[in-house]
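Participant: Supplied in structure tokens, the structure appears directly below.
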Amino acid sequence: MRKNAYLLLMAAVLFAACNSPYKKGEEGMEYKIIADGKGETLKPGQFIEFNFTSVYNNGKKDSILTNTRDMGGAQIITLDSTNLPPAYFKLFKQLKKGDSLSTKMLTDTVFKKQPESMPPFMKKGNYLYTNIRIINVYKTQEEADKARQANMAVQEVAGKQKAAAQLIKDDKILKEYLSKNNIKATKTEKGAYVEILQAGTGSMLDTSSITKIKYTGKTIEGKMFDSNTDPSKGHLEPLSVNLTNDMSLGGGVIPGMSEGLKMMNKGTKAKIYIPSSLAYGAAGAGADIKPNENLIFEVEILEVLTKAQAAADVAAQQKKFQEMQKKYTDSLTKANPEAAKKMQQQQMQQQMQQQGQNPR
């Protein structure tokens, strides 16, 4: 009975703290600190482990924008003015391990300098909230690195468990879709489905293959999000897909498409039904692909390249890019010599950094 009374008392204290008024901070920020920790306040140079959630309130309900627990776990940073905006840096120095910080800012203030970057779903006069909880404090780089490694191990296990659970949901949706539409498709080892529309010839693609394809990608509801056969998407060149581990031979594709392509050969036309966990997962992609969205790709295998052909193709693409870049630089030089000079200096610095040198 005494234990229950203590828990009720603690709940009441926490409720009162969470509903305490916000104070005026700097740069248009309002804040409140929920002091639940003990020990010394945080010191610059220490390594801080924390979770945070960012929330948008449209006046009626909250929408979670970012949550470190969904992003892969707590963040660890060095407490200094380079890692935190000035207003946050000042507030962090008032916190202890176990404390929480809640801030709110009007969207008008957040996007004051770049109003065009405000997402369409946000409106002026509404608030963005950030809720932060300090989990741990480390004094040395070694301690922080050890904590990061431990977090990564936990996150990897959790990520695999989430992906496995999502794959079960996705598989049910895909099976129902295939059954409803009377589609005969073969399931790949990892969980994509392939419907062969036209058989090809020759050897099947594998992890030694580089191929060129035509494709159209749609959501399972039928909304097209990309294509190199539809002029409205602005790129009609065949896509080079590298299924090898040698990234110098070109770029790869999402896992579900890689899986599906390995059931095809030159000339094959097919549809690949891809579960979200083998596509863009919980993050989604852009405005068209929602989190945990299952996808359909219509694919045609145009060519199968040798490694020499692939290397030559990559070189040709790089040369084409360099020619376009030179044309742009020459045009900029005529219009604005100072801007062109600055851009060339930046490019030179980047090249030197890539080569492991320190630019002066």
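Participant: Normalising by the residue count of the range 67-201, find the relative contact order in percent from Cα pairs under 8 Å and 6+ residues apart.
Facilitator: Working: 82 pairs, mean separation 26.3, N = 135.
Relative contact order for the range 67-201 comes out at 19 percent.
Participant: Tell me which DSSP H helices of the chain clear both cut-offs, 18 Å or more of axial length from alpha-carbon atoms and a mean Kyte-Doolittle hydropathy of at least 1.6. Present the calculation step by step, with values, prior to reporting the outcome.
Facilitator: Working: long enough: 2-18 (24 Å, 1.32); 141-180 (56 Å, -0.87); 307-335 (42 Å, -1.02); 337-354 (26 Å, -1.95).
Both cut-offs are met by no helix.
Participant: Helix-only estimate, please: 222 nm mean residue ellipticity of the chain, summing -39500 (n - 2.57) across DSSP H runs of length 4 or more and dividing by its residues, to the nearest 500. If you can, show how the numbers build up before the last one.
Facilitator: Values: 8 runs with 126 residues, N = 360.
Helix contribution divided over all residues of the chain: -11500 deg cm²/dmol.
Participant: Net charge near K320, counting Lys/Arg +1 and Asp/Glu -1 over other residues with Cβ under 12 Å of its Cβ? Before the final figure, lay out the partial values.
Facilitator: On the way: positive: K319, K326, K327; negative: E237, D313, E323.
Charge balance in the 12 Å sphere: 0.
Participant: Another question, then. Kirkwood hydrodynamic radius of the range 174-305 from all distinct Cα pairs, in Å? Before the final figure, lay out the partial values.
Facilitator: Details: mean 1/r = 0.0669 Å⁻¹.
That comes to 14.9 Å for the range 174-305.
Participant: N336 to K23: extension gain in nm, 0.36 nm per residue of separation minus the Cα-Cα distance?
Facilitator: Numbers: separation 313, 0.36 × 313 = 112.68 nm, distance 4.76 nm.
Gain on stretching N336 to K23: 107.9 nm.
Participant: Going by how many other Cβ atoms sit within 10 Å of their own, how do S117, S54 line up, fewest first?
Facilitator: Taking fewest neighbouring Cβ atoms as first place, the list is S117, S54.
Participant: Continuing with the same structure: Taking Cα centroids, how far is the range 292-311 from the range 249-280 in Å?
Facilitator: So the separation of the two Cα centres works out to 7 Å.
Participant: Say the cut-off is 23 Å between C-alpha atoms; which of K162/K187; K212/K307; K223/K266; K169/K290; K269/K320; K61/K113 go over it? All intermediate terms of the calculation are to be shown ahead of the outcome.
Facilitator: Numbers: K162/K187 21 Å; K212/K307 13 Å; K223/K266 27 Å; K169/K290 15 Å; K269/K320 30 Å; K61/K113 26 Å.
Flagged as over cut-off: K223/K266; K269/K320; K61/K113.
Participant: Under 12 Å from the Cβ of Y88, count the other residues' Cβ atoms, weight Lys and Arg +1, Asp and Glu -1, and hand me the total. Let's see the in-between values first.
Facilitator: Details: positive: K90, K93; negative: E26, E27, D80.
It works out to a net charge of -1.
Participant: What ranking of Y273, Y328 emerges when the number of other C-beta atoms within 10 Å of each C-beta is taken as an exposure proxy, fewest first? Walk me through the intermediate numbers first.
Facilitator: Values: Y273 26, Y328 12.
Listed from fewest to most nearby Cβ atoms, that is Y328, Y273.
Participant: Here is a follow-up. What ranking of D230, D99 emerges when the number of other C-beta atoms within 10 Å of each C-beta is taken as an exposure proxy, fewest first?
Facilitator: On the way: D230 12, D99 21.
The order, fewest Cβ neighbours first, is D230, D99.
Participant: Roughly what % of Cα-Cα distances in the chain sit above 34 Å, to the whole percent?
Facilitator: Numbers: 33405 of 64620 pairs.
Considering the chain, 52 percent of its Cα-Cα pairs are separated by more than 34 Å.
Participant: What whole-number distance in Å separates the alpha-carbon centres of the range 88-134 and the range 37-81?
Facilitator: What the calculation gives is 11 Å, centre to centre.
Participant: Still on this model: In the range 240-316, what is the volume of the convex hull around the alpha carbon atoms, normalised per residue and reported in Å³?
Facilitator: Numbers: hull volume 8.3 nm³, N = 77.
Output value, Cα hull per residue: 108 Å³.
Participant: Would you mind counting up the charge near A164? Only other residues with Cβ under 15 Å from its Cβ, with Lys and Arg at +1 and Asp and Glu at -1.
Facilitator: +1
Participant: Extension gain K96-T109, at 0.36 nm per residue separation less the Cα-Cα distance, in nm? Don't skip to the answer; put the middle values down first.
Facilitator: Values: separation 13, 0.36 × 13 = 4.68 nm, distance 2.81 nm.
The span from K96 to T109 would gain 1.9 nm if fully extended.
Participant: Residue separation times 0.36 nm, minus the C-alpha to C-alpha distance between I64 and E237: what's the value? Can you show the working numbers first?
Facilitator: Numbers: separation 173, 0.36 × 173 = 62.28 nm, distance 3.87 nm.
Additional length available on full extension: 58.4 nm.
We did not get these values from a lab; they are worked out from the coordinates using the rules stated. Please read these numbers as outputs of a predicted model, since none were measured by experiment. Here Cβ is always computed from backbone atoms with ideal geometry, including for glycine, and neighbour counts include all displayed protein chains.
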